[in-house]
Amino acid sequence: MKFTWFHLMPYRFLPDDFKEKYRSVWVDIPRDLYDPKLGHRLYNDYLDQLEFADRMGYDGLGVNEHHQNAYGMMPSPNIMAAALARRTRNANLVVLGNSIALYNPPIRVAEEFAMLDVISGGRLVAGFPVGTSMDTNFCYGAVPATLREKYYEAHDLIIKSWTEEKMFAWNGKYTQLRYVNLWPRPIQQPHPPIWIPGGGSVETYDFCADHDYQYSFLSYFGYIAGQKVADGYWEVMAKKGKEDNPYAMGFAQCVAVSETDEQAEKDYAPHMDYFYNRCLHVYNGFADAPGYRTVKTIKAGLLGQVGKQASLRREGLTWGDLVEQGYVIAGSPKTVRERLREALKSLRCGHLMLLMQLGSMPPELVRKSTELFAREVMPHLRDLWTGYEDRWSPKRLPESEIAMPAPLKFELEVKTNGHARHGAESSVEARGAAK
Amino acid sequence: MKTVQNVANGKFSVEMEVVGNGAPLLYLHGAGGLTGMDPFLEELGRDFKVYAPHLPGFGESTGGEHIDDVLDAVLFYHQLMDELGIDSAYWVGHSMGGMLAAEAAAVDNSRVKKLVLTSAAGFWLDEHPIPDFFAAQLDELAQLLFHDPNSPIAKAFTAIPDDFKALEAMYVERVKRLAMASKFLWPIPDRGLKKRAYRIQAPTLLLWGESDKLIPPVYAGEFKKHIKNSREHLLKAAGHMPMYEQQEAFCSAVRNFLKG
């Protein structure tokens, strides 16, 4: 069993009346709600948290791409992955990923992923999402009806640019290039493992099965509601005669660990509320542009992740309901161990993506939950799926060939000592460690 | 009368309303499509032979995958005319259909006797941004489309069916239609008509609802600047859907212009 510590990087400081006052956290959220000075602190706290997860033994560090929103502040996840490549040693860099239909030419993504793979010594997982409708259609203006076709073409071009030995010409419908000749080449040959994050479009099952990619279901409804999608995926895999290897499936789940079940509610309930009621407060008109989801998916009755239907389903849920219905797996290490084991087995999931910084959760709580999970939950679940080969994790350079960054010197420490950085325990700790 | 026309050796199958007798009139619907309740077609049919094809992606028409942009759509309409044996026709285009009719005229004047553009898309003025109707919810849509959003006709347009099956069918149909419309209108309904509109020779009527909140009448003025032989006509107590909201005034303006 493998664990990726996944950061969404939300803006933690939306006003209390945000939901009443504004129609959407995405696309048209007023710019003046963002304070760059707080943003500075958040980015650094969040990178600290990912680096801490690396030290705690998580297998992967997850980042992803979103635009014009307070839900996740990574228009470019590659920038975050680049920062992590230098300051982490062990964990894989799971970039889930780049919305490849948005880049012209899409080989830009092939180039940046190759850079990350080379810098990190072969620790990259390359994620290719279609991207949410808010991001692709509304923020980046992509025509909904042709988004998927464009995505498939971008995919084919990127893969060819990684696998073709010689330079080639590309005469596509959306991209034409006379000379495709990718420099640098990735460390992982012919290319890094590919994970496809999906929100429940049926086409994505086929796409993953046909290409032997890992399917990562990124849901906010938790494992109980996610069962339908997992079943759909495994059904397609079986139909196509593919191995039912659990590592071919990733699943994102909110997880929050505390000393006891009661303490977990005290610690995390307000932050989950922030997550569901502010971070996911998306105007229904932006949730699903006409043509974004195919008629096939709509007819399969799969619920969108955001928008009116999704909000209605969550409305009025108490902490007890959220836990009961599996939106969040929370409680004492024992409770979390038991629920997670049940969830992972029933989903047949070998790559868990842990959402552990949720909504407004401050650094000290993130650290507590991350540490408790690493020490008291993770080791007890490692035995799951031991009989299967994980063919979807990076194959890095051997330790002897890994380049080490020069050690940092903290001469500036004296100057910044009195500098006000309130509350961010992790950054305080980083300074302390440097002394 | 509903017909199905096979076009370009089966590349397209076109569902089409054909109504009345007289000189041929080609009606190009907007992004919302024909509704099945379009009495103004009958009314126009008293003086003209009205052909109202559903653009592929709308109604039962197929072949949408062969239409990616404005030129593809224009050539589709020209091919349809060829196969119907119509050399030249009156063209009436509404909203998105107005944009496509204007583009078709710019490509080939010989196919257009006269042109009526009503509440037409195709231009973009920074000072008068056209609201994003793709993102609009049904209640907002009623506000954008109608002079009187509480009128029975506005209510009928934006009603939400009670039973789930009908709701799903409506949703699927909306997705199909707007997915095609998005090829011409997303994210900004401007595909460069301003570069080509100078070519339009046909006498052109710019027929607008006075209280069109989606594409306000200032856009009629913009068309007038670009099309030399054009004039404006504003309809009272009408919004973006004048053929539904003020059927009589709409039809008589079209009739007078085309027969005058």
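Mind computing the radius of gyration and Dmax over the alpha-carbon atoms of segment A:90-158? Å is fine for both.
Reported Rg and Dmax, both Å: 12.8, 41.
Once label points are set 7 Å from the Cα along Cα→Cβ at both B:GLU42 and A:TYR152, what is their separation, rounded to one decimal in nm?
4.4
State which entries of B:LYS49/B:LYS114; B:LYS155/B:LYS224; A:LYS266/A:LYS345; A:LYS173/B:LYS11 exceed 21 angstrom in Cα-Cα distance in the structure shown. Spell out each step's value before the answer.
Values: B:LYS49/B:LYS114 15 Å; B:LYS155/B:LYS224 33 Å; A:LYS266/A:LYS345 29 Å; A:LYS173/B:LYS11 19 Å.
Too far apart for the 21 Å limit: B:LYS155/B:LYS224; A:LYS266/A:LYS345.
Stretch A:ARG314-A:ARG31 to full length: gain in nm at 0.36 nm per residue minus the Cα-Cα span?
99.2 nm
Over chain B, with a Gaussian network built from C-alpha contacts below 10 Å, which listed residue (B:ILE160, B:ILE67, B:ILE227) shows the highest mean-square fluctuation?
Ranking B:ILE160, B:ILE67, B:ILE227 by mean-square fluctuation puts B:ILE160 first.
Determine the equivalent ellipsoid of segment B:82-149 by diagonalising the alpha-carbon gyration tensor, then write out the semi-axes as square roots of 5 times the eigenvalues, largest first, rounded to whole Å.
Details: eigenvalues 179, 39, 20 Å².
Values for segment B:82-149, descending: 30, 14, 10 Å.
With the crude spin-label approximation of a point 7 Å out along Cα→Cβ, what separation in nm comes out for B:ALA237 versus A:ARG185?
7.6
Across segment A:2-395, what fraction of all alpha-carbon pairs, as a whole percent, falls in each successive 10 Å bin from zero upward?
5, 24, 35, 27, 8, 1, 0
Based on the alpha-carbon gyration tensor of the protein assembly as shown, what equivalent-ellipsoid semi-axes (square roots of 5 times the eigenvalues) come out, in whole Å, largest first? Could you put the intermediate results ahead of the total?
Numbers: eigenvalues 561, 144, 117 Å².
Semi-axis lengths for the protein assembly as shown are 53, 27, 24 Å.
In a GNM of chain B with a 10 Å cut-off on Cα contacts, which of B:MET37, B:MET241, B:MET81 has the highest mean-square fluctuation?
Between B:MET37, B:MET241, B:MET81, it is B:MET37 that shows the largest mean-square fluctuation.
Starting from 0.36 nm per residue, how many nanometres of slack lie between B:GLU60 and B:ILE188 once their C-alpha separation is accounted for?
Numbers: separation 128, 0.36 × 128 = 46.08 nm, distance 2.69 nm.
Stretched fully, the B:GLU60-B:ILE188 segment lengthens by 43.4 nm.
Quick check: convex hull of the Cα atoms in segment A:143-217, volume per residue, rounded to a whole Å³? Kindly include the intermediate steps, with their values, before the conclusion.
Details: hull volume 8.1 nm³, N = 75.
That works out to 108 Å³ per residue.
Any chance you could check the Cα centroid distance between segment A:160-174 and segment B:136-155 for me, in angstrom?
If we compute the Cα centre of each part, the gap is 50 Å.
Any idea how far the Cα center of segment B:214-256 sits from the one of segment B:163-204, in Å?
Result: 19 Å between the Cα centres.
When chain A is modelled as a GNM with alpha-carbon springs shorter than 10 Å, which of A:ALA81, A:ALA91, A:ALA225 fluctuates the most?
Highest fluctuation among the options: A:ALA225.
Considering all alpha-carbon pairs of segment A:64-109, what whole percent are spaced by more than 15 angstrom? Each step should come with its number before you reach the end.
On the way: 513 of 1035 pairs.
Summing the P(r) of segment A:64-109 above 15 Å gives 50 percent of all pairs.
What value in Å³ per residue do you get for the convex hull of the alpha-carbon atoms in segment A:262-346? Don't skip to the answer; put the middle values down first.
Details: hull volume 9.4 nm³, N = 85.
Convex hull volume per residue, Cα atoms: 110 Å³.
Would you mind checking the radius of gyration and Dmax of segment A:222-379 based on alpha-carbon positions, in Å?
When restricted to Cα atoms, segment A:222-379 yields Rg and Dmax of 16.8, 47 Å.
Any idea what the relative contact order of segment A:2-395 is, in percent, if you count C-alpha pairs under 8 Å spaced at least 6 apart?
Values: 738 pairs, mean separation 83.8, N = 394.
Computed over segment A:2-395, the figure is 21 percent.
In whole angstrom, and with the biggest value first, how far do the Cα coordinates of segment B:2-259 range along each principal axis?
Extents along the principal axes, in whole Å: 47, 42, 36.
Calculate, for A:ASN44 and B:ASP162, the FRET efficiency according to 1/(1 + (r/R0)^6) with r their C-beta to C-beta distance and R0 56 Å; round to the nearest 0.05.
Details: r = 53 Å, r/R0 = 0.95.
FRET efficiency, A:ASN44 to B:ASP162: 0.60.
Which whole-number percent gives the relative contact order of segment A:50-112, counting Cα pairs below 8 Å spaced six or more residues apart?
Numbers: 80 pairs, mean separation 22.2, N = 63.
Relative CO of segment A:50-112 lands at 35 percent.
Could I have the simple spin-label model distance between A:GLU20 and B:GLU173, label points 7 Å from Cα toward Cβ, reported in nm to one decimal?
Calculated label separation equals 4.0 nm.
Could you name the aspartates and glutamates whose alpha carbon sits less than 17 Å from that of B:LYS113, not counting residues in the same chain fewer than 8 places away?
Result set, ordered by chain and number: B:ASP47, B:ASP82, B:ASP87, B:GLU103.
We did not get these values from a lab; they are worked out from the coordinates using the rules stated. Remember, predicted model here, so these are calculated numbers, not experimental data. All Cβ positions, even for glycine, are placed from backbone atoms using ideal geometry, and neighbour counts span all protein chains on display.
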